[in-house]
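Below is one structure; the comments refer to it alone.
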Amino acid sequence: MMMATKNDSGLSMAVGFVMVLLVIAMIIGMWAVIGVPEQIRDAEDYHAIEVTNSFLDYKIAVDNQRVHDMTGLNISMLIPAASAYADGALFMEEDVGTLRILLGSTENTYDISRLYTTFGTTNTRVGYEGGGVFRNDYGSAVWVTPPSINIDKDGSDLDITMIVPEMHGVFAVGSSEGIPVETGLVSSISTYVNAPQDQMLTITYTAEKQWDAVLWSTFFNETQILYQSEGVSITSTMPSPITATLQITPPPGGVIYLTVIKPVYDVDVRRY
């Protein structure tokens with residue numbers, strides 16, 4: 001009888017030890033399934049903010065080049081593409097969209113380029129386009145700071161100023177660290193247009209990607225809301241999935257005076 005009791009006691013201790021190990025394994029498994037992805041998401045959210053701030057700094061830098069006419073002078077900015085959990089990549093793409101500006105019978109066309117980075121699962125893109133900074137998460141994009149259009153009402157006349165950067169350079173660079181980008185101002189050209197009385201201004205953006213057209217439509221909608229409250233006749237529409245349009249009409253007997261400022265930049269990755 002005493003021999004059986006000793007065997008049962010030893011068996012119970014072994015079973016108890018195995019059950020403790022199973023509980024520990026379940027806890028580790030739950031942490032791996034729930035805790036680790038949550039930590040990665042938190043880290044990528046924080047990294048997205050860091051990257052967004054870098055592109056805001058980039059916008060300020062290139063705007064300063066234009067404002068202070070720093071032609072021929074390059075600026076270098078470090079874009080922190082890689083996160084703590086994954087490598088990142090930086091892309092420069094030309095002609096991602098076309099901006100057409102029609103005033104009366106005068107039409108001017110501008111090619112839009114995009115400098116952007118992807119990181120982590122590549123479901124987040126942050127970049128600079130058309131003079132603004134955007135963030136795209138899972139195909140849904142918003143402006144962090146939009147492109148520039150300013151409308152001043154002077155009686156029946158409208159003074160409209162737009163800034164439409166033109167950027168040259170094509171590259172795709174991956175890195176486990178930050179990526180240095182060099183940008184030089186080549187020139188800054190201002191175009192002045194005015195039409196006869198009662199002529200409408202039509203601004204049309206045609207994108208390669210639907211999300212990009214929606215992004216510009218958002219910019220046009222925000223512009224409409226802003227200036228309608230000031231008594232400007234302005235309408236934003238999206239006539240197709242890849243086209244966004246903004247129409248501005250002067251008051252009766254009024255004239256639209258349009259200024260388009262086009263700074264031209266060369267963009268490249270600094271090589272070591």
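How big is the gap, in Å, between the Cα center of segment 96-154 and the Cα center of segment 229-272?
Centre-to-centre distance over Cα atoms comes out at 11 Å.
Which of W143, W216 has the fewest other C-beta atoms within 10 Å, and how do the rest follow up to the most? Let's see the in-between values first.
Numbers: W143 17, W216 32.
In order of increasing Cβ crowding within 10 Å: W143, W216.
Determine ³J(HN,Hα), in whole Hz, for all residues of segment 44-53 in sequence, where each value follows from phi through the Karplus function 6.51 cos²θ - 1.76 cosθ + 1.60 and θ = phi - 60°; x replaces Gly and Pro.
Calculated HN-Hα couplings, in order: 6, 5, 5, 5, 4, 5, 4, 5, 4, 4 Hz.
Hey, what do the phi angles of segment 179-187 turn into as Karplus ³J(HN,Hα) couplings, whole Hz, using 6.51/-1.76/1.60 and θ = phi - 60°, x for Gly and Pro?
Values per residue, Gly and Pro as x: 10, x, 10, 10, 10, x, 7, 8, 6 Hz.
Relative contact order (percent) for segment 38-269, with alpha-carbon contacts under 8 angstrom and 6 or more residues of separation?
Value for segment 38-269: 24 percent.
Tell me the Rg and the Dmax, in Å, that the Cα atoms of segment 129-272 produce.
Calculated on Cα positions, Rg and Dmax stand at 17.7, 60 Å.
Suppose each label sits 7 Å from its Cα in the direction of the beta carbon; what would the V144-D268 distance come out to in nanometres?
Each label point is offset 7 Å from its Cα along the Cβ direction, giving 2.6 nm.
Evaluate the distance, in nm, between pseudo-label points positioned 7 Å from the Cα of T71 and of I49 along their respective Cα→Cβ axes.
Going by the 7 Å Cα→Cβ label model, 4.2 nm.
Using 0.36 nm per residue, how much length does the chain from E182 to I225 gain when fully extended, once their Cα-Cα distance is taken away?
The span from E182 to I225 would gain 11.8 nm if fully extended.
The numbers here are math on the coordinates, done by the rules we state, and not lab data. The structure presented is a predicted model; accordingly, all values stated were derived computationally and were not measured. Cβ coordinates were reconstructed from backbone atoms using ideal geometry, including for glycine residues, and neighbour counts include every protein chain displayed.
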